[in-house]
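Here's the structure, in structure tokens; my notes come after.
The values are calculated or read from the model by the stated rules, or taken from the named source; none is laboratory data. Keep in mind that this is a model prediction, so the values were computed, not measured. Cβ placement follows ideal geometry from the backbone for every residue including glycine, while neighbour counts extend to all protein chains displayed. Side chains included, ligands, DNA and RNA excluded: accessible areas come from the protein's heavy atoms. Shrake-Rupley method; radii C 1.70, N 1.55, O 1.52, S 1.80 Å.
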Amino acid sequence: MATGAGATLELLDWKRRVFALYADVRASGDPEAAWRQWRETRDELFRTHPQSPLPESDRARFRHLDYFNYDPAFRVNAALQDLDAPPLPIGASGGGTLTFRPFATASFELSGESNALEVYWLEGYGGGIFLPFRDATSGGETYGGGRYILDTVKGADLGGGKDSLVLDFNFAYNPSCSYDPGWVCPLSPPANRLPLRIAAGERFT
């Protein structure tokens, strides 16, 4: 929602901080400690940064975001399989669509069950990987439009290998539009709706 030079540079500063935060997360040998740092930094940014997703009137009374407890069972290395699909318009909050290209399927096991999510590439200058999802918590314990686990345009990148991605659902977070409808966010498409309850990551209160 940045407008004008000052607000745009504030948004740039937000992105720099988030990119640096995820760099620290990827470099850490202790995922749970990295998760605690991620939580603390997000709380600080939400509370104090001029580009916080929170409406300005809510920031003074903001204490912290709410999360499920860290559970290492929700950290997986997902194997990628190529997906040949045309660009897809994904619905966004407030109406309209944003165009992404499904380029891979990320396959992994949780709770002894095989699961898969589509991984998208933003069709725009520079592009970026985007991985949203919905699960059995969506619309109750978490935001109904789904949560994000990867959004490399905004720095949310947990790492991976040549043919894999780290998916740590403890780092799943609600999109900006869940705090303020003035933000426009892509919502999780039908292909990325998991039948199980992902009791990890950010809650919605």
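If the Cβ limit is 9 Å and pairs must be 6+ apart or interchain, which residue in the stretch 10-29 that is surrounded by fewer than 16 Cβ atoms within 10 Å (Cβ to Cβ) pairs with which residue that is modelled with pLDDT under 95 and assigned to a helix (DSSP H, G or I)?
Between residues of the stretch 10-29 that are surrounded by fewer than 16 Cβ atoms within 10 Å (Cβ to Cβ) and residues that are modelled with pLDDT under 95 and assigned to a helix (DSSP H, G or I), the close pairs are LYS15/VAL153; LYS15/LYS154; PHE19/LYS154.
Looking at (1) surrounded by fewer than 12 Cβ atoms within 10 Å (Cβ to Cβ); (2) assigned to a loop (DSSP other than H, G, I, E, B), find the lone condition where GLY6 falls short.
Of the numbered conditions (1) surrounded by fewer than 12 Cβ atoms within 10 Å (Cβ to Cβ); (2) assigned to a loop (DSSP other than H, G, I, E, B), the odd one out for GLY6 is (2).
Of all the strands (runs of 3 or more DSSP E) wholly in the stretch 114-202, which have at least 3 residues that are within 20 Å of PRO53 (Cβ to Cβ) and at pLDDT 95 or above?
In the stretch 114-202, 129-133, 147-151 are the strands (runs of 3 or more DSSP E) which contain 3 or more residues that are within 20 Å of PRO53 (Cβ to Cβ) and at pLDDT 95 or above.
Filter the stretch 163-204 down to the residues that are surrounded by 19 or more Cβ atoms within 10 Å (Cβ to Cβ) and of a type in the set (Gly, Ala, Ser), then identify the one that is farthest from GLN81 (Cα to Cα).
By that ranking, first place goes to SER178.
A quick yes/no check of all residues on (1) in a loop (DSSP other than H, G, I, E, B); (2) in contact with a helix residue (DSSP H, G or I) (Cβ under 6 Å, 6 or more places away or on another chain); (3) open to solvent by 80 Å² or more (accessible area, probe 1.4 Å):
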{"residue": "ARG42", "(1), (2), (3)": "no, no, no"}
{"residue": "PHE46", "(1), (2), (3)": "no, no, no"}
{"residue": "PRO50", "(1), (2), (3)": "yes, yes, no"}
{"residue": "LEU54", "(1), (2), (3)": "yes, yes, no"}
{"residue": "HIS64", "(1), (2), (3)": "yes, yes, yes"}
{"residue": "ASN69", "(1), (2), (3)": "yes, no, yes"}
{"residue": "LEU80", "(1), (2), (3)": "no, no, no"}
{"residue": "ALA85", "(1), (2), (3)": "yes, no, no"}
{"residue": "ALA106", "(1), (2), (3)": "no, no, no"}
